[in-house]
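Notes for the one structure printed next.
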Amino acid sequence: MNIREQVLSFLDCCDEIFKCKFIMATTKIKDILKCIVNCPELYRLFEAVTQNFNYPEVKPQCLISVNDGVYPRSYVVLPQTLGNRLAFIFCLLVEFDKGTLSFNDFLRKYFPEDGSYFASHRAFCNTIIKPLQEAVSQVFAEELSAPAPENNAHVVRSDAKKSQFVSAILLAVSEEIAFVRESAIPADDKNDGIKILSALAQAVKNEDGDLIEALTFGYDYFVLYHKCASNGVASLVQAIANFKELISV
């Protein structure tokens with residue numbers, strides 16, 4: 001399967017959880033995890049986002065329980081950044097699959113709704129599965145919007161190490177675009193920054209070393225001029241430098 005087919009297969013698996021009866025939900029979660037393992041691009045994406053992700057530390061920040069003196073309540077708050085959101089949801093699904101976290105108990109605690117499992121299951125899907133679909137769709141937006149290619153001349157080669165770099169860079173670029181959108185710089189300048197980042201992502205996919213270098217320099221200038229350096233921009237630049245070394249061999 002090409003990248004587009006892999007992502008569509010994954011999104012279909014996610015849709016199945018919405019459609020299934022509550023009693024089949026854990027089976028469908030297992031199917032999602034199998035799909036990730038069996039689709040190389042998705043596997044590399046989730047490998048990249050979980051590599052330095054501290055799930056035990058982030059988990060209590062996302063699974064909130066409060067008692068305001070009237071009645072205790074619990075709810076889920078997903079991480080703000082795209083990478084951490086993907087990593088947290090993935091680790092949560094793995095817990096359900098392994099049985100270290102009871103899916104039934106989780107629904108009762110964090111999605112009590114009207115007391116029925118049907119309503120709780122629906123709320124879980126809207127809060128956890130839908131953001132998972134949206135995040136993956138955002139990372140692979142270009143592949144999903146384009147028709148299936150007849151030839152692979154401009155598709156990133158399937159070399160494992162190279163594909164891992166590409167997935168990590170595309171994820172970092174998506175997060176950088178989100179950072180620029182939310183920044184306080186003028187709207188026109190935001191659009192310029194987003195155009196640079198989008199072109200950089202495409203250059204990485206095409207393994208165009210000269211264009212990657214030019215766009216990286218352009219974005220460096222953009223960041224310095226607007227004084228809008230994100231926490232992840234240094235890692236992005238380093239990942240791009242490593243990728244350039246790899247494709248120049």
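The values are calculated or read from the model by the stated rules, or taken from the named source; none is laboratory data. Quick caveat: nothing in here was measured; it's all calculated off a predicted structure. As a convention, Cβ positions derive from the backbone with ideal geometry for all residues, glycine included, and neighbour counts pool all protein chains shown. In case anyone asks, the SASA skips ligands and DNA or RNA and just uses the protein heavy atoms, side chains included. Shrake-Rupley method; radii C 1.70, N 1.55, O 1.52, S 1.80 Å.
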Any hit, the stretch 62-71, residues being under 21 Å from residue 2 (Cβ atoms) and either of a type outside the set (Asp, Glu) or surrounded by 13 or more Cβ atoms within 10 Å (Cβ to Cβ) (or both): no
Residue check, residue 201 surrounded by 19 or more Cβ atoms within 10 Å (Cβ to Cβ) and not charged (D, E, K, R): yes
Test set (1) buried (at least 19 other Cβ atoms within 10 Å of the Cβ); (2) within 21 Å of residue 111 (Cβ to Cβ) - residue 79 fails condition number: (1)
Residue 168 vs. criteria at pLDDT 90 or above, small (Gly, Ala, Ser) and surrounded by 17 or more Cβ atoms within 10 Å (Cβ to Cβ): no
Lone qualifier among 184, 214 - being open to solvent by 20 Å² or more (accessible area, probe 1.4 Å), farther than 20 Å from residue 142 by Cα and not in a helix (DSSP H, G or I): 184
The stretch 102-125 residues that are farther than 14 Å from residue 29 by Cα, paired with ones that are open to solvent by 80 Å² or more (accessible area, probe 1.4 Å) and among the aromatic types (Phe, Trp, Tyr) (beta carbon under 8 Å, 6 or more apart): 110/75
Residue 31 vs. criteria among the charged types (D, E, K, R) and either part of a strand (DSSP E or B) or free of Cβ contacts under 8 Å to residues at least 60 places away in the same chain (or both): yes
Residue match in the stretch 112-120 (condition: surrounded by fewer than 18 Cβ atoms within 10 Å (Cβ to Cβ), hydrophobic (A, V, I, L, M, F, W, C) and out of contact with any Ser or Thr (no Cβ under 6 Å at 6 or more places or on another chain)): yes
Among the candidates 1, 24, residue that is of a type in the set (A, V, I, L, M, F, W, C), surrounded by fewer than 18 Cβ atoms within 10 Å (Cβ to Cβ) and without any contact (Cβ under 8 Å) to a residue 12 or more places away in the chain: 24
Top-ranked residue in the stretch 86-111 [being charged (D, E, K, R) and closer than 30 Å to residue 44 by Cα; ranked as surrounded by the fewest Cβ atoms within 10 Å (Cβ to Cβ)]: 98
Search result, residues across the stretch 32-61 that are closer than 24 Å to residue 133 by Cβ, open to solvent by less than 80 Å² (accessible area, probe 1.4 Å) and among the polar types (S, T, N, Q): 50
The stretch 4-21: number of residues that are more than 30 Å from residue 116 (Cβ to Cβ) and exposed (fewer than 14 other Cβ atoms within 10 Å of the Cβ): 1
Residue ranges of helices (runs of 4 or more DSSP H) in the stretch 65-158 with at least 3 members modelled with pLDDT of 90 or more and of a type outside the set (A, V, I, L, M, F, W, C): 82-98, 103-110, 117-124, 130-139
Members of the stretch 4-14 that are within 18 Å of residue 131 (Cβ to Cβ) and free of Cβ contacts under 8 Å to residues at least 60 places away in the same chain: 12, 13
Qualifying residue in the stretch 25-32 (condition: farther than 21 Å from residue 105 by Cα and of a type in the set (Lys, Arg)): no
Top-ranked residue of the stretch 223-249 - restricted to ones that are in a helix (DSSP H, G or I) and touching a residue at least 60 places away in the same chain (Cβ under 8 Å), ranked as surrounded by the most Cβ atoms within 10 Å (Cβ to Cβ): 240
